[in-house]
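Everything below concerns the one structure shown next.
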Amino acid sequence: MSELKVEIVPFGPGPEDVEAAARSALGHPDVERELGGADHRVLSVAPVEPEPDAHDEGLPEPTRVRATVYDYENERSLVVEGSLDGDDGVAVRETVRQPIPSAGEFDAAVAALARDPGLGPALESKALTPYRPMPPLVLDELPDGTIERTVAVGLRPATEADDRHEIVAVKPARGDVIRFDTGAPAAARAADTECGADDAGQQTTDRGTPGRAKVTVTRDGETVWTFVAVRPSVSVGTNGSGVELRRVEYRGKRVLRRAHVPILNVRYREDACGPFRDWQFEEGMFKADGDDVAPGFRLCPSKAETMLESGNDHGNFRGVAVYVDADEVVLVSELEAGWYRYISRWRLHADGTIKPRFGFGAVESSCVCNLHHHHAYWRLDFDVAGPAPNEVREFNDPPVTGADNWHRLGHEIRRRRDESRNRKWQVRNSASGESYTLIPGANDGEADAAFGVGDLWALRHRPDQIDDGIGFTTDLTEARAHLNQFLNGEPIGDSNVVLWYAAHFSHDVHQHDVGHIVGPSLAPADW
Ligand SMILES: [Cu+2]
């Protein structure tokens, strides 16, 4: 058999269209009136798809653009929406939600530190190097619910003889510099000892940067896979969702409507740091050589190397690298959240198997020396041979009920992984018989009751249940995955279903130098 052939073409509006529409929306008199000349910064600009209709069919092109602006004078975020073609005015809404700092806002915070009499000279002489720490923001709430925006900046000494390692913060509203008694904000620590690879400190991609592509995979002139891929910077969800796949078809039949990782969090042993609800939109640099075939997409004649392969934080590309590895087409991106490096990867085999993958690495930090537990939650919106009728079945050996290994899950439910029974799950088209079976990965771990919450949720498809709506937080109760709220007893037999699948990875940097990879297999049958 000949090699798999991959064709990638841009899909949806390009960066120039989005930029132009955002400029026009932000220049609208309604926006200027709302801001009233207040000191502000545009933190992200993104294309937005129309709201899904009741059936959530097809793959609508973005029609609107959304700009998130921080108003430092009034300590609030303004979300400005306008149409991509510049017609029908703008909508402005206010929220106290704190967006993750953009590269520009972080740089402005570093510039404020350079003017600080206590820290400026050490920054000037390069005795201290600034880096993006966790948490990215200090979220101390005032009694009235206001949060004064407070951007955290890590300061790492260049040599042991230099000043001590510290994480400080800047309030952009007045340029105030905050230094903490313990040397770091409550959820972090800054000690002399650090673990993780050297921090390359390279530029990351700002949230909203457009890039979607239509991917067609053929072999000997026959179409094997077709799907639309979305780069992490513009992936859907409160915190983004890594490399997002849409409308995935295997040999002409639909498998998934959408597949992505909308929830990611980490908890440390004895809460040494964190916990953190992470984000999955900030693309970092990794090594990929090839042709730039669409904004944020590079088609590579050889394997791309993330930090997990190269062992270091340097790279020449941000976005999604696509390459062929034997009988698999691989899509991969590297993400940054403070000192964490996350790998978002999909492997699609010519035999129809899909391997969702997530990897964990870190650059220098005092926190990651401590044992910690990462939890990644895939949302797999199945449409096996069409959106319905799909049913969810569970396999157990030995059986858990009666003599049959397979039983049907009749209602929305949360299930545990059970290795002693070789437990796995299947989504099956109950009319035509095609199925996909989800087999847990060997390294995917088991949820602890306190923070991991669960291993699998089988839910009825609801277009508004993309994630649990929780943004970046260091609050223990908030940071965990709030997926049980979607379990409201709805029947899921012969309907349109969504599986959420979680992998739990215990990260001990003293055992795994640069990280580890988790993820299940999705295998077709009766196709
Ligand atoms: Cu880790």
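The values are calculated or read from the model by the stated rules, or taken from the named source; none is laboratory data. None of the values given here were measured: they were computed from a predicted structure. Because the Cβ atoms are built from the backbone with ideal geometry, glycine has one as well, and the counts that use them run over all protein chains shown. To get the accessible areas, we keep the full protein, side chains included, count just its heavy atoms, and leave off ligands, DNA and RNA. Shrake-Rupley method; radii C 1.70, N 1.55, O 1.52, S 1.80 Å.
How far is it, in nm, from the label point at residue 508 to the one at residue 316 when both lie 7 Å from their Cα along the line to the Cβ?
Between residue 508 and residue 316, the label points sit 3.8 nm apart.
If you average the alpha carbon positions of the range 100-176 and of the range 203-276, how far apart do those two centres end up, in angstrom?
Comparing the Cα centres of the range 100-176 and the range 203-276, I get a distance of 32 Å.
Tell me whether the range 319-375 comes out rounded, prolate or oblate; compute the Cα gyration tensor, take square roots of the eigenvalues as a ≥ b ≥ c, and use a/c under 1.5 as the rounded threshold.
Cα axes put the range 319-375 in the prolate bin.
Compute the long axis of helix 15-26 from its Cα atoms, compare it with the longest principal axis of the Cα atoms of the chain, and write down the angle in degrees, 0 to 90, nearest 10.
60 degrees
Give me the accessible area of residue 439, 1.4 Å probe, in Å² rounded to the nearest 10.
70 Å²
Leaving ligands, DNA and RNA out of it, rank 331, 487 by accessible area with a 1.4 Å probe, largest first.
Largest accessible area first, the list is 487, 331.
At 222 nm, what helix-only mean residue ellipticity would the chain give, in deg cm²/dmol to the nearest 500, using -39500 (n - 2.57) for each DSSP H run of four or more?
Calculated at 222 nm, the ellipticity per residue is -2000 deg cm²/dmol.
Against the empirical 2.2 N^0.38 Å scaling, what ratio does the C-alpha Rg of the chain come to?
Compared with the compact-globule rule of thumb, the chain sits at 0.98.
Output ³J(HN,Hα) for the range 406-412: one whole-Hz value per residue in order, computed from phi by the Karplus curve 6.51 cos²θ - 1.76 cosθ + 1.60 with θ = phi - 60°, and x for Gly and Pro.
These are the phi-based 3J(HN,Hα) values: 9, 9, 8, 8, x, 10, 3 Hz.
Taking the dipole about the Cα centre of the range 309-400, with the C-beta of Lys and Arg at +1 and of Asp and Glu at -1, give me whichever of 371, 317, 339 is farthest to the positive side.
Result: 339.
Rounded to two decimals, what is Rg over Rh for the range 191-313 when you use alpha-carbon atoms and the Kirkwood radius?
Rg/Rh: 1.04.
Over the chain, what percent of the accessible surface lies on carbon and sulfur atoms, probe 1.4 Å?
Solvent-exposed carbon and sulfur of the chain make up 45 percent of the total.
How big is the antiparallel share of DSSP beta bridges in the range 298-406, given as a percent to the nearest 5?
About 95 percent, rounded to the nearest 5.
Which ³J(HN,Hα) values, rounded to whole Hz and listed in residue order, are derived for the range 189-200 from phi using the Karplus coefficients 6.51, -1.76 and 1.60 in 6.51 cos²θ - 1.76 cosθ + 1.60 with θ = phi - 60°, glycine and proline given as x?
8, 10, 10, 5, 7, 10, 10, x, 6, 4, 7, 6
For the range 425-505, how big is Rg over Rh, using alpha carbon atoms and the Kirkwood form of Rh?
Here the Rg-to-Rh quotient is 1.00.
Using unit Cβ charges (K, R positive; D, E negative) and no other charged atoms, how large, in debye to the nearest 20, is the dipole of the chain about its Cα centre?
Magnitude of the dipole: close to 1040 debye.
Taking every eigenvalue of the Cα gyration tensor of the range 207-252, multiplying by 5 and rooting it, what semi-axes result, largest first, whole Å?
26, 10, 6
Please give the charge dipole size of the range 390-521, origin at the Cα centre, charges +1 on K and R Cβ atoms and -1 on D and E Cβ atoms. Round to the nearest 20 debye.
400 debye
Accessible area per residue, 1.4 Å probe, Å², for the chain: what's the number?
Per residue, the chain has 39 Å² of solvent-accessible surface.
Between residue 144 and residue 450, what is 0.36 nm times their sequence separation minus the Cα-Cα distance? Round to one decimal in nm.
Values: separation 306, 0.36 × 306 = 110.16 nm, distance 3.02 nm.
The span from residue 144 to residue 450 would gain 107.1 nm if fully extended.
Could you order 23, 258, 93 so the one with the most accessible surface comes first? Probe is 1.4 Å. Mind showing how you got there, number by number?
Working: 23 155, 258 30, 93 130 Å².
Per-residue accessible area, sorted high to low, gives 23, 93, 258.
Once you have a ≥ b ≥ c as the square roots of the Cα gyration tensor eigenvalues for the range 58-166, tell me rounded if a/c is under 1.5, and otherwise prolate or oblate according to whether a/b is larger than b/c.
Judged from the Cα gyration tensor, the range 58-166 comes out prolate (a/c at least 1.5, a/b above b/c).
Starting from 0.36 nm per residue, how many nanometres of slack lie between residue 527 and residue 158 once their C-alpha separation is accounted for?
So the extension gain works out to 127.0 nm.
Which FRET efficiency, nearest 0.05, do residue 411 and residue 114 yield, Cβ-Cβ r, R0 51 Å?
The calculated FRET efficiency here is 0.30.
Given labels modelled 7 Å from the Cα in the Cβ direction, how far is it in nm from residue 129 to residue 303?
2.8 nm
Along the positive direction of the dipole of the range 201-272 (beta-carbon charges: Lys, Arg +1; Asp, Glu -1; about the Cα centre), which of 229, 201, 272 reaches farthest?
229
Past the 21 angstrom mark, what percentage of all C-alpha to C-alpha distances in the range 256-412 do you count?
Result: 58 percent of Cα pairs exceed 21 Å.
How far is helix 103-114 tilted, in degrees, relative to the longest principal axis of the Cα atoms in the chain, given as a value from 0 to 90 rounded to the nearest 10?
Compared with the principal axis, the helix lies near 30 degrees.
Measure out, as a whole number of angstrom, how far apart the alpha-carbon centroids of the range 22-46 and the range 324-386 sit.
36 Å
Take the Cα pairs of the range 1-99, get the Kirkwood Rh, then feed it into Stokes-Einstein at 10 °C and 1.306 mPa s and tell me D in µm²/s.
Estimated diffusion coefficient is 105 µm²/s.
Consider a paramagnetic label point 7 Å from the Cα of residue 3 along Cα→Cβ; state which residues of the range 297-317 have an amide N under 14 Å from it.
299-304
Can you give the extra length, in nm with one decimal, that the chain gains between residue 32 and residue 487 once fully stretched, where that is 0.36 nm per residue apart less the Cα-Cα distance?
Answer, rounded to one decimal: 159.5 nm.
Ordered by residue, what ³J(HN,Hα) values in Hz, to whole numbers, does the range 140-151 give under the Karplus form 6.51 cos²θ - 1.76 cosθ + 1.60, where θ = phi - 60° and Gly and Pro are x?
7, 8, 6, x, 8, x, 5, 10, 7, 4, 9, 8
Which shape class, rounded, prolate or oblate, goes with the range 258-345 when its Cα gyration tensor gives a ≥ b ≥ c as root eigenvalues, a/c under 1.5 marks rounded, and past that a/b bigger than b/c marks prolate?
Details: a/c = 2.24, a/b = 1.94, b/c = 1.15.
Prolate, since a/c reaches 1.5 and a/b exceeds b/c.
In the chain, what cysteines have no partner Cβ closer than 4.7 Å?
300
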